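The values are calculated or read from the model by the stated rules, or taken from the named source; none is laboratory data. No experiment lies behind these values; they were computed from the predicted model shown. Cβ placement follows ideal geometry from the backbone for every residue including glycine, while neighbour counts extend to all protein chains displayed.
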């Protein structure tokens, strides 16, 4: 019973804190939708989409492989060394991304909305620098609250009166950007030491970036269809269709925070040393399936009504768009468990990578083609198709591992693609 209570508390802490972080800026969206108009609404959405892609590139796969690496050692010096290496590699990626984001914002942020698009993209990209993955790995939800959630909430609260007084919508993404960077700065200053960075010059940093290619490629392939629907729909649908699609996508992003939080709360626990891994993985899959089904029901039944209340009748999403987003939510929730909690700890990162490549290869063309004919609903349907493919490929990989283990009870095979704790 005590173990059950501890797990409930762990899930509540890791699920609730990121949701608070996402809901704080979400409270400003109804105001922005009505004051900024369709042009600003679409510009911020495009900035968020390209910034989300950049954030995954900046993270370099640490959110996927990092928790298992940290949870796999009890040496505090090695743990801090891993964080130091992760920070330097991610800072290098962030520096490369900024000019690229400016170029993409110039391409998409037409109609005088360049700065809204660019600053929102930079704010989202800075999320890749967050120490949240490390806090998850060491099982300390309080650190996420202090250094990730609170800075973003404070930045948003400070921004509110100024935004309402001036009507400068750009203050919204600027507050998110500053809050995120300050949180990372203060965490690093408090929880790492100077000697942790000894010898981490350009050569070992570049070697580590190369060593992270499997995990980074996996997360980037996943982002190709989970973070880019807005860009695809923007290229294929009418502005009015894009605006309605964006409204449903806003709810979808909030829902994905619950999936990510649940997955993160269980990720380190599943990989802990001397634990019943199979039992814990089955529990994680059950939790993610229940969450996915609840999300599907919520999107289908409440999505149109909620978007109408929040963003107005002109920008409200229809039932079809919300239903397909709900189905995509279900598949994402399931493959979060099969990927992060099953295949990755078993050393099958390449299986996860190829599942995401397959999903992107099917999902992206489906989004583009269906957006032309069905507008926003088509983009959501294409996303759901891609996520279904991911689930199917990962299920096939897991069945193959189960059959192999039955023939060879000595232990699960690995493909050698997991990163090891060889930093420094």
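Structural remarks
- Taking the criterion of being over 17 Å from residue 333 (Cβ atoms), surrounded by fewer than 20 Cβ atoms within 10 Å (Cβ to Cβ) and modelled with pLDDT of 80 or more, no residue of region 237-260 qualifies.
- Filter result for residue 351 (under 17 Å from the mean Cα position of the chain (by Cα), buried (at least 22 other Cβ atoms within 10 Å of the Cβ) and either assigned to a helix (DSSP H, G or I) or in contact (Cβ under 8 Å) with a residue 24 or more places away in the chain (or both)): no
- Positions within region 184-198 being over 13 Å from residue 146 (Cα atoms) and either under 22 Å from the mean Cα position of the chain (by Cα) or surrounded by 11 or more Cβ atoms within 10 Å (Cβ to Cβ) (or both), in sequence order: 192, 193, 195, 196, 197, 198
- Test: residue in region 119-134 that is farther than 19 Å from residue 176 by Cβ and either surrounded by fewer than 24 Cβ atoms within 10 Å (Cβ to Cβ) or touching a helix residue (DSSP H, G or I) at 6+ places or on another chain (Cβ under 8 Å) (or both): yes
- Residues within region 160-183 that are in contact (Cβ under 8 Å) with a residue 60 or more places away in the chain, farther than 11 Å from residue 123 by Cβ and surrounded by 21 or more Cβ atoms within 10 Å (Cβ to Cβ), tallied: 2
- Test: residue in region 272-280 that is part of a helix (DSSP H, G or I) and closer than 22 Å to residue 141 by Cβ: yes
- Applying the set (1) closer than 20 Å to residue 317 by Cβ; (2) at pLDDT 75 or above to residue 67 leaves exactly one unmet item: (1).
- Only one entry in 384, 317 is in contact with a helix residue (DSSP H, G or I) (Cβ under 6 Å, 6 or more places away or on another chain), assigned to a loop (DSSP other than H, G, I, E, B) and over 19 Å from residue 267 (Cα atoms), namely 317.
- Among (1) assigned to a helix (DSSP H, G or I); (2) over 25 Å from residue 69 (Cβ atoms); (3) at pLDDT below 90, the one test that residue 341 misses: (2)
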